[in-house]
Each structure stands twice: as structure tokens, then as C-alpha cells.
1. For region 684-697, how many residues meet the condition of being surrounded by 17 or more Cβ atoms within 10 Å (Cβ to Cβ) and either part of a helix (DSSP H, G or I) or within 29 Å of the chain's Cα centre (by Cα) (or both)?
2. Being part of a helix (DSSP H, G or I) and either at pLDDT 85 or above or within 26 Å of residue 230 (Cα to Cα) (or both) is the requirement here; does residue 394 meet it?
3. With respect to residue 570, determine if the residue is closer than 22 Å to residue 683 by Cβ and surrounded by fewer than 20 Cβ atoms within 10 Å (Cβ to Cβ).
4. Looking at region 298-316, which of the residues that are surrounded by fewer than 22 Cβ atoms within 10 Å (Cβ to Cβ) and under 21 Å from residue 154 (Cβ atoms) is farthest from the chain's Cα centre (by Cα)?
5. Consider region 557-583. How many of its residues are within 32 Å of the chain's Cα centre (by Cα) and within 21 Å of residue 442 (Cα to Cα)?
6. Among (1) surrounded by 18 or more Cβ atoms within 10 Å (Cβ to Cβ); (2) touching a residue at least 60 places away in the same chain (Cβ under 8 Å); (3) out of contact with any strand residue (DSSP E or B) (no Cβ under 8 Å at 6 or more places or on another chain); (4) outside any helix (DSSP H, G or I), there is one condition residue 453 misses while meeting the rest; what is its number?
7. Evaluate region 372-383: report whether one residue or more is outside any helix (DSSP H, G or I), closer than 26 Å to residue 282 by Cβ and either over 31 Å from the mean Cα position of the chain (by Cα) or in the same structural domain as residue 209 (by TED's automatic domain parsing) (or both).
8. Is at least one residue of region 490-501 in a loop (DSSP other than H, G, I, E, B) and in contact (Cβ under 8 Å) with a residue 12 or more places away in the chain?
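The values are calculated or read from the model by the stated rules, or taken from the named source; none is laboratory data. Quantities reported herein were computed from a predicted structural model and do not represent experimental measurements. All Cβ positions, even for glycine, are placed from backbone atoms using ideal geometry, and neighbour counts span all protein chains on display.
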């Protein structure tokens with residue numbers, strides 16, 4: 001067994017292996033994930049949710065960059081006309097550029113599928129090379145590579161995160177560092193190779209460079225503490241490593257310029273806690289594994305999203321780590337591996353450990369989370385480094401002659417069986433739902449090249465990215481999905497109508513909001529995929545959340561018809577879509593309208609309606625315990641379709657679609673709305689009379705980029721004062737130009 005050494009150069013010539021292991025991994029990747037693509041390489045894709053469409057768009061984007069000679073880091077094709085900075089998006093420049101011949105030949109969907117199948121195999125192969133260097137045994141190294149490339153972490157991200165799957169440079173970074181420490185390569189060659197690997201990893205997934213640097217630094221610090229004989233060589237590593245980072249920064253300077261030239265993205269603090277490893281995730285398999293598909297495990301599987309439930313460490317792997325650690329604890333490299341594994345696991349838990357019934361326990365990542373760049377790292381993603389360590393430990397243990405061969409075989413089989421992917425071919429693939437309007441080329445008769453088009457289902461709740469990509473990026477979109485943030489800052493002033501388009505629920509003054517939006521964004525056409533259209537909703541099942549394509553319901557269809565009817569044009573029905581030509585010439589009066597003025601009217605109208613609904617609810621003798629927006633709308637106390645749409649997850653929740661309506665333990669009523677903080681400060685003075693308490697709080701700790709820029713206004717009313725507040729709300733509607741609230745029905749605040 002070959003181990004880390006110091007002093008003389010490792011004896012014998014390093015054997016990197018051959019294409020054999022890579023071929024094995026490619027076959028496994030196809031058998032596990034690609035069977036559903038046979039005969040459907042271009043009409044199905046691997047993954048679920050909106051993220052596969054994002055990468056399909058980017059594959060077409062890089063072809064477009066070279067054929068149209070445009071700036072690769074800024075696009076005007078989505079969120080037009082202002083466009084969006086792609087530096088903070090996962091735009092996969094390395095794979096996107098290298099795959100241009102494939103994209104041009106087979107199209108972006110087929111290319112996406114081929115690249116997705118390649119990634120686990122490529123990561124497993126580079127991990128095999130590292131393990132082969134450390135253990136000098138072929139099959140143990142093959143098993144160690146498999147444990148990394150086909151780990152539960154990779155399985156979860158296979159469902160949507162192509163960039164995150166591109167971790168193949170990480171094992172090679174460890175390998176070249178060890179070879180330099182063993183003086184098998186010169187300082188110059190190390191610096192050049194390490195530079196290539198940094199640039200490669202950055203062009204795959206920039207966040208990984210920051211995380212790899214962090215954990216590489218921790219590993220070197222641990223080695224310094226546990227292996228005094230290595231200190232001189234570790235110190236000599238500083239200069240060539242620093243040179244590699246400096247040269248990498250120079251090479252990547254155009255990319256880095258766009259990272260900072262337009263300011264950093266507003267990162268919501270709640271995202272760090274949401275995308276963390278739940279302690280149960282470490283021992284409960286995800287539904288992406290064969291064991292996790294068992295209903296009971298699915299119910300116990302925890303985590304915010306199916307993508308982030310990949311930290312599961314199989315029981316056989318845990319036992320192997322324990323046995324290996326006990327047998328070799330006196331060796332410094334064993335202590336290094338085990339301690340580093342513990343550190344990565346703890347940091348992946350996030351900034352705090354939440355235990356029901358107790359105050360959150362602060363964790364070490366709370367300190368690192370405030371460092372530049374690392375403040376945007378998502379702790380759950382750190383688990384990939386755990387699996388690299390586990391793959392190394394597995395290969396070392398399997399190569400030990402001191403352990404019985406049968407025991408090693410049982411251990412290897414146990415690890416593979418306990419982490420075997422979900423064997424359902426349909427689990428891994430999703431049919432492409434491109435309307436004939438786009439797939440047949442019919443759109444060219446109605447849309448001119450470069451027209452700005454609004455498409456529903458909107459952005460990340462639909463597949464407009466895929467539809468646009470398959471047209472060769474023929475038109476621009478007044479929307480889209482480029483990763484994060486889902487709403488760029490140039491669109492935030494139009495938040496109410498943009499949210500309405502996402503959610504397909506109604507709003508006060510939505511007709512005026514729509515016309516202002518269309519006029520100011522110069523939207524030429526609207527395409528509504530209303531026949532068989534699928535929107536992505538979170539599955540209402542126990543266990544991790546994952547988006548499921550579902551058809552529009554009757555309320556959502558009614559909202560769409562009602563909203564676009566305000567344009568005064570009849571749609572052209574073409575099979576699966578309705579096409580609207582936007583009459584911009586009739587909307588010139590909306591070009592100079594201040595969006596914040598309409599936003600303030602929306603917030604005020606919503607508050608007035610909520611106050612009146614609460615008063616009527618109490619007057620009707622209904623149970624205060626049951627008071628919430630959905631219940632108020634069911635009783636006819638709120639306008640129809642205000643509380644409906646894609647974002648209704650819990651029918652009893654006190655906050656729905658930005659509306660707050662609930663009772664308190666003392667019998668008071670709480671009403672509120674979510675809006676821009678400056679708007680809430682503008683209108684709050686109108687609600688001070690009769691309100692027992694008023695509070696405006698920031699939503700920075702939410703997980704949504706758009707909502708993290710908003711604030712929450714809460715008004716507490718005693719039941720005795722609620723009637724007076726409702727009367728004032730009705731009077732304010734009349735005097736300020738809002739449609740009056742009918743006393744009988746309780747709604748009427750201008751929906752259009």
C-alpha cells in the first residue's frame with residue numbers, strides 16, 4: 001500500500017491508470033441515469049425542476065456568443081431590455097465552449113444530457129487517479145473513485161445542477177499538491193499545473209474554488225500540526241501556490257471584472273441556513289438512492305430541497321471509517337483525513353444547529369460566513385469534499401493486506417449497495433414540453449428577430465428557457481431564469497406584477513401594472529402556453545421538496561384570461577398557445593408612470609381589504625383560531641384569486657402571497673403586507689389610528705432573492721378597534737380614489 005511519504009521520492013513510477021476505469025464509469029452512468037434517454041435524447045432531459053433548462057439555455061448561449069460576437073458575460077436575451085450580468089450565474093463557460101460542436105450538431109437538449117452523463121464518470125475517474133496514487137491498487141482505487149463520482153451528493157445534484165457536477169478538477173488538485181510535497185514535480189511544473197486546475201474549476205463552478213481553497217488551507221494547517229516532518233515542504237508550497245492563484249486571477253480577469261463591476265448580488269441571509277445539511281440527512285438516504293425510495297425513508301429524509309439532501313453517509317462507509325481510524329490512528333495522515341472529515345461535516349451544518357424546542361446552537365460557519373465570497377457559499381455543497389475524503393479512506397482500507405479479503409469484499413459491496421442510485425429510469429428524466437408553436441417554427445410568422453416577448457408560465461416556474469434555447473435564441477424575453485437572483489434589480493420596481501406573473505394570482509390594479517410593465521420594458525408580444533402548459537410546484541409529499549410539473553388550475557387560467565383581457569386585444573389561438581400582439585402605441589401614457597406609486601396603491605388597497613375582511617370575519621362569529629388569508633377568501637371576504645396560484649404551499653399559513661391575516665393568543669388580530677420598505681414607510685402613517693402596535697421588519701433572512709429586498713408591515717388590532725379601522729379603510733378607499741369596498745361582500749378593492 002502506498003501512503004504519503006516525506007524524504008526520498010516515492011519509489012517506482014506513478015501509474016495513472018488507463019481509460020479502462022473511465023469506460024467503466026461511463027457505462028455505469030448510462031445504466032443508472034441514461035436508460036430513459038434511449039430514443040429520446042432530444043425530447044427528454046436528465047433532472048427535474050427549472051435548473052436543467054437554465055443549463056440548456058447556457059449551452060445555446062455559448063454557441064450564440066461565438067456566432068454573434070457578443071459579450072459572453074452579459075446578456076440582453078433575458079430580462080430585456082436591461083439584460084443581466086452572467087458572472088454570478090452558473091453559466092458553465094468551460095463546458096459551454098467545448099461543447100459548441102455538439103450543441104451545433106445535436107442541439108442544446110441532447111448536449112446537456114450527454115454532458116450530464118459524463119460528469120459523474122469524469123469525477124469518479126479523477127478520484128480513481130488520486131486513489132491509485134495513494135493506495136497503488138487498481139480495484140480499491142476504482143471503488144474509491146466510484147464512492148466519489150457516484151456519491152449521494154452527486155446523485156442529488158444530477159437532478160439539476162450541471163455546474164456543481166463538474167468537480168473533476170478537485171481530486172487532481174489534491175494529487176498535484178501531494179506530488180509536489182513528495183518532490184515528484186518541480187515547483188514550476190506544480191505552479192503551472194495548479195494554475196490550469198484553478199482556472200478549469202473556476203470556469204466550471206466558481207464557488208468551488210473558494211470552498212476548495214478553504215478546505216485546502218485547513219488540510220495544510222492540520223498537516224502542519226500533525227506532521228512536523230512535513231513543515232519545511234509545506235512552507236515551500238506557499239510561493240508556487242500563491243503564484244498559481246495570482247496567475248489564475250490574471251487569466252480570469254475579464255470574468256472577475258464582471259463579478260465586481262456591477263456590484264455583488266444581494267445574497268439573502270436565510271439562504272445559508274436553508275441550504276445546509278440537516279443532521280438527519282447524514283444517516284437517512286435521499287430518494288435519489290435505492291434505499292431512499294423506500295416510503296419510510298422518504299418520509300424521514302430531511303432537507304429543504306431534493307438537490308441538497310446528498311450528505312448521506314452509508315452505514316458500511318461509517319464502519320469502514322471507524323475501523324480504519326482505530327487501526328491507523330497513530331499515523332499522522334489518518335488523523336488528518338478523519339479530522340478533516342469531521343471539520344467538513346460540521347461546517348456543512350451551517351451557521352447554527354436548530355433543535356426543536358431549544359435555542360439555535362451557533363456553529364463555526366457563523367464566523368466564516370461573513371468573509372468575502374465565502375459569505376455566498378452554501379454549506380450543504382461542502383459535503384462533496386467529505387465524499388472525496390471517504391473515497392480515499394475506502395481505497396486505503398480496501399488495499400490493506402492485513403484485513404481479510406472476504407471482509408474487504410463485503411465492505412466494498414456494502415458501500416455500493418447502500419448508495420446505489422434509484423433504479424427507476426423515469427425518476428431521472430423529464431419529458432420536454434415544447435409547444436408546437438416553437439418546435440415547428442411557427443413563431444417566426446408572428447415574432448420578429450430580437451422582439452421582446454413575455455412568456456407564461458413565467459421564469460423559473462416554467463420552461464421558457466428551454467423554449468427560447470431551441471429557437472436558437474431568436475427572440476429576447478421580458479423575464480427568464482438565469483439562476484440567482486430570479487428577479488434582477490432592474491425588475492424589482494415592478495415586483496407586484498412580476499410576482500403576479502410568477503404566481504398566477506391576482507393583485508389590485510394588476511391591469512394598470514401590466515400595461516406599465518409592458519410599456520416600460522418595450523414588450524412586443526405575449527405567448528401564453530395555456531393548453532397542456534405545465535408549471536413547476538413543490539410536491540405536496542413528506543420528505544424533501546422537489547418541483548413537479550403540473551397543469552394550470554381553473555383559478556390560474558382565470559387569472560391569465562382576466563389579466564390579458566385588460567389589453568383590449570384578442571389573442572390568436574394556435575394549438576397549445578395563445579398569442580397576443582401588444583398594442584404599445586396605446587400605452588404611451590404608461591411610459592413615464594412611477595412604478596413605486598402604483599406599488600404604494602397596491603399595498604394600501606391590500607391592507608384596507610385585509611382590515612375589512614378581518615372585521616367581517618369577527619362580526620360573522622367565526623373562530624379566530626381559523627383566521628388566515630385562504631379561509632377569508634373561501635368565505636368571500638377577500639377578492640377571488642388574491643390567495644391562489646403557484647406559491648400556495650400551506651392552506652392554513654398566516655402569510656399567503658404577501659398577505660398577512662391571523663389571530664394572536666390574546667385575541668387580537670394581525671394584518672400585514674409585504675412591500676418595498678420605502679413604500680411601507682410612506683403609507684404606514686395612514687394606519688396608526690386604532691392600531692395597537694405597528695412594526696416594519698426587513699426580510700433579509702428569507703431565502704428568496706426577491707423577497708429579501710422587501711419588508712413586512714404588521715398591524716395589530718384589538719377586536720374593539722377593528723370596526724373603526726375598517727370604517728376608516730372604507731373611507732380612505734373612497735377619498736383616495738380606490739374603488740369603494742362594498743359593505744355586503746367585503747371585497748371590491750380594485751382588482752383591475
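1. Final tally of qualifying residues: 2.
2. For residue 394, the condition - part of a helix (DSSP H, G or I) and either at pLDDT 85 or above or within 26 Å of residue 230 (Cα to Cα) (or both) - is met.
3. Judged against the criteria, residue 570 is not a match.
4. 316
5. Total meeting the criteria: 5.
6. In the conditions (1) surrounded by 18 or more Cβ atoms within 10 Å (Cβ to Cβ); (2) touching a residue at least 60 places away in the same chain (Cβ under 8 Å); (3) out of contact with any strand residue (DSSP E or B) (no Cβ under 8 Å at 6 or more places or on another chain); (4) outside any helix (DSSP H, G or I), residue 453 misses (3) alone.
7. Yes, the conditions are met somewhere in region 372-383.
8. no
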